[in-house]
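All remarks here apply to the structure that follows.
The values are calculated or read from the model by the stated rules, or taken from the named source; none is laboratory data. In this text the structure is predicted, and so the values were computed from the model without any measurement. No Cβ is skipped: glycine too gets one built from the backbone with ideal geometry, and neighbour counts run over all protein chains shown. The protein model used for the area step is the full one, side chains on, heavy atoms only, and it has no ligands, DNA or RNA in it. Shrake-Rupley method; radii C 1.70, N 1.55, O 1.52, S 1.80 Å.
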Amino acid sequence: MSGPDGSEQFVKKHDFVQSRPYAIAGLVAAAFALTGCGQPTPQAAAPPPAPVTVAQPVKRTVTDWDEFTGRFEAMEEVQVRPRVGGFVNSVEFQDGAIVRQGDLLYVIDPRPFEAVATQAEGQLSDARAKVELAKRELDRGLSLVQTSAVSEQVVDQRRQALQAAHAAETQAEGALKVAKLNIEFTHVTAPLTGRVSRHLVSPGNLVQGSDTGTSTLLTSIVTLDPIYIYFDMDEATFIKYSKLWFEGRRPSSRDTANPVQVTLAGEAKPSREGSINFLDNRLDVSTGTLRSRAVIKNTDLSILPGQFGRVRLIGSAPYEALLIPDVAVATDQSRKIVFVVKPDDTVEARPVVLGPLDDGLRVIREGLKADDRVIVNGIQRARVGAKVAPQTAPAPAGGKPGDKS
């Protein structure tokens, strides 16, 4: 059934060409099926051991320090008040400046006191003149009594008059001294060296003066170097210190100026050193704490009364301990653990009892041995019971494995 131009044969040939790709695909699929049925597929390769960094604990002699929160207070603080009253003439200091003992702070109008002093000088001169007159009359009476020109009674009266004149002279001298002191008190000076507060009374104002505490407050001065820091010690810590003292392993702060270290707000480590110089004689019944005090150098005057600080106080006798970087410690619910690489390079989770930080390293009280290999880097890649590829790290900062200091 072919036409004269062979069109039918052309159509059959074209259909065969179009069906050829499908036939090839079927053959390939059959080949893969036969291969899968006849031979097993290869297993995926096991992952290599995870790389971790290990280090042995540092062994050295350490001392525990206990930490408390404290507040700085000035060693001396004075409220400056006038001892005489009057109108303020001038303020002679700059607010917040450092003043020296004896520096002039305020001037009170001295004229009323100068007038009183002048009056007292006149009274003293009058009293001295009366003393001279009484002396002469007594001398005359003593001469006349020898010739019986005057009686003994007259001599006694003149002797009593001289004594009264001396008493009046003494009173006048005292009044003049008081008047001069009042003139001196019109110049209010700094009673000690320190930093002065702002002036509370401006020139032209009237101030009251007395020695009974009712006088007007002018300003205040606090000392800065050295400076106190007060902190409260809990009863359990006090008992621990007492036990160490009885055992002879730690000196008592009542007898020895035990050292302290102070960390200011915003600091990561202590920047100041000082010593204990006071423990109270009883515990506060409302808080169960013992008030303690240390004295700190403040040569740069950067610490002000009222600031807070963290106080570290020596809390034990020196002892040998194992230390590791703090980053090697992990938390497993309520316990602390470290990951240790065993001799077969498998990982073990080891519970530990932590101590304080010492020079950037964490003291391990229980749970480690000096030859343990502790994972200090790559903890997130370690799995308990899995093999790892340990690489030994340099000795942690602060010492070498097995060292003592």
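The set of residues in region 174-198 being open to solvent by 60 Å² or more (accessible area, probe 1.4 Å) and outside any strand (DSSP E or B) consists of Lys177, Val178, Lys180, Leu181, Glu184, Pro191, Arg198.
Gly36 fulfils the conditions (1) modelled with pLDDT under 90; (2) under 30 Å from Gly102 (Cα atoms) except for a single criterion, (2).
Evaluating Leu206 against the criteria (1) over 30 Å from Leu264 (Cβ atoms); (2) surrounded by 14 or more Cβ atoms within 10 Å (Cβ to Cβ); (3) among the hydrophobic types (A, V, I, L, M, F, W, C) leaves one unmet condition, (2).
If you go through region 211-245 and keep only what is in a strand (DSSP E or B) and out of contact with any Gly (no Cβ under 7 Å at 6 or more places or on another chain), you end up with Thr219, Ser220, Ile227, Tyr228, Asp232, Met233. If you filter region 311-359 down to residues that are part of a loop (DSSP other than H, G, I, E, B), of a type in the set (Gly, Ala, Ser) and open to solvent by less than 60 Å² (accessible area, probe 1.4 Å), you find that the one that is nearest to Thr69 (Cα to Cα) is Gly315. Of the strands (runs of 3 or more DSSP E) lying entirely inside region 57-114, those containing at least 1 residues that are within 30 Å of Val327 (Cα to Cα), touching a residue at least 24 places away in the same chain (Cβ under 8 Å) and open to solvent by less than 30 Å² (accessible area, probe 1.4 Å) are 58-62, 65-74. For region 252-268, taking the residues that are open to solvent by less than 30 Å² (accessible area, probe 1.4 Å) and not β-branched (Val, Ile, Thr), the one that is nearest to Glu92 (Cα to Cα) is identified as Leu264. Has region 207-214 got at least one residue that is touching a strand residue (DSSP E or B) at 6+ places or on another chain (Cβ under 8 Å) and farther than 29 Å from Ile296 by Cβ? For region 207-214, residues touching a strand residue (DSSP E or B) at 6+ places or on another chain (Cβ under 8 Å) and farther than 29 Å from Ile296 by Cβ: present. Selection of region 237-251 for residues being of a type outside the set (Ser, Thr, Tyr) and either open to solvent by 70 Å² or more (accessible area, probe 1.4 Å) or in contact (Cβ under 8 Å) with a residue 60 or more places away in the chain (or both) yields Ile239, Lys240, Lys243, Leu244, Trp245, Phe246, Glu247, Arg249, Arg250.
Would you confirm whether any residue within region 188-203 is farther than 30 Å from Ala115 by Cβ and basic (Lys, Arg)? Scanning region 188-203 turns up at least one residue that is farther than 30 Å from Ala115 by Cβ and basic (Lys, Arg).
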